[in-house]
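What follows is a set of notes on a single structure, which appears directly below.
The values are calculated or read from the model by the stated rules, or taken from the named source; none is laboratory data. Computed from a predicted structure; not experimentally measured. Cβ: placed from backbone, ideal geometry, glycine included. Neighbour counts: every protein chain shown.
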Amino acid sequence: MQAKTKTFHISHKSEIDGQVYDGTFTTKKMTIGDVASVGVLKAQLAQGSPHDPVTGRGVDRTTNMIHEMMAHCSVALIQKPEWFIPEDLIDAELLEVVYKEVLGFETSFRVRRDERPESDGSGETPSPEKSEGGGGGTGSSQNLVDQKVPKITQIG
């Protein structure tokens, strides 16, 4: 069984202020409630004007991603250096370095689609012939979930 926390260390020399930011962080596996908290915090940071990629309205893409990183780190990190206050940082790359570690841990819990059998709800695992594109349904339950729950994206 995979551990529910991960401790990592970063040492980042900022090109903005020349300072070396060195510290140890511990992130946790987020619960559904934590994911919801990230969404609420992100909405608060956007002050009710989230980025809309279709219309281009709301905050710009860069600000939207900064809000994502700040909210995600604020909720997921259970231990961090005193200097790591996302809204006070002047180097977005430093925030991104920490966020990538946090996000990498979170995504390590996802089972790749080709590594897990799909279920038709009957309690039986279907044969490979049944689970690979056959049938007249709208796709797997994972595809349905992916459509309804916004995915957390990574810069770069």
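Things to note:
- Search result, residues across region 13-22 that are in contact with a helix residue (DSSP H, G or I) (Cβ under 9 Å, 6 or more places away or on another chain), closer than 16 Å to D88 by Cα and of a type outside the set (A, V, I, L, M, F, W, C): S14, Y21
- Scanning region 50-81 for residues that are over 27 Å from S11 (Cα atoms) and more than 20 Å from the chain's Cα centre (by Cα) yields V54, T55, G56, R57, G58.
- Evaluating V97 against the criteria (1) in contact with an Asp or Glu (Cβ under 6 Å, 6 or more places away or on another chain); (2) hydrophobic (A, V, I, L, M, F, W, C); (3) surrounded by fewer than 19 Cβ atoms within 10 Å (Cβ to Cβ) leaves one unmet condition, (1).
- Just one of (1) surrounded by 12 or more Cβ atoms within 10 Å (Cβ to Cβ); (2) modelled with pLDDT of 95 or more fails for G33. It is (1).
- The residues listed here are F84, F109, F105; of these, the one that is over 22 Å from H12 (Cβ atoms) and among the aromatic types (F, W, Y) is F109.
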